């Protein structure tokens, strides 16, 4: 396991949308427009969450408005990025990273 550090996370996240396979049929869509703002569309037409996050030395802490909060990490193995949830377990695999907000997640 290689947990990504703050500098790598900032490059990988800020200004990008992550599509994450959580095993629920469609990907979760997570957009990080700035180094503190985050928006997520849950899989299969679930609700849109908006919140804030702070990048730490090994991972980040997210606070969803009217929702959960917790420490997350992204693990890297050659050819594979995996979100690691607050419980320490794999929560999903990144299927693609796209610049910007192609799904307009921030506006929903």
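Every read-out reported here was derived from the displayed coordinates using simple, explicitly stated rules and does not represent laboratory data. None of these values were measured; they are calculated from a predicted model. Neighbour counts are summed over all protein chains in view; Cβ atoms, including those assigned to glycine, are modelled from backbone coordinates with ideal geometry.
Please compute the contact order of the chain in relative form: average sequence separation of alpha-carbon pairs under 8 Å and at least six residues apart, divided by the residue count, as a percent. Intermediate values should be presented prior to the final figure.
Working: 243 pairs, mean separation 31.4, N = 108.
Relative contact order comes out at 29 percent.
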Open item on the list: If I stretch the segment between residue 87 and residue 75 completely, what's the gain in nm (0.36 nm per residue apart, minus their alpha carbon distance), one decimal?
Closed with: 2.9 nm
TODO: Treat each spin label as a single point 7 Å out from the Cα along the C-beta direction, and report the residue 3 to residue 42 distance in nm.
DONE: 2.6
Task: Value at 222 nm in deg cm²/dmol, rounded to 500, when DSSP H runs of n ≥ 4 in the chain each add -39,500 (n - 2.57) - done: -2000 deg cm²/dmol
Task: Anisotropy class of region 1-84 from Cα gyration tensor, a/c 1.5 cut - done: oblate
TODO: Between residue 50 and residue 24, take the C-beta separation as r, use R0 = 25 Å, and let me know the FRET efficiency to the nearest 0.05.
DONE: 0.80
Task: Global geometry of region 55-108, whether rounded, prolate or oblate, following the gyration tensor of its Cα atoms and the 1.5 cut on a/c - done: oblate
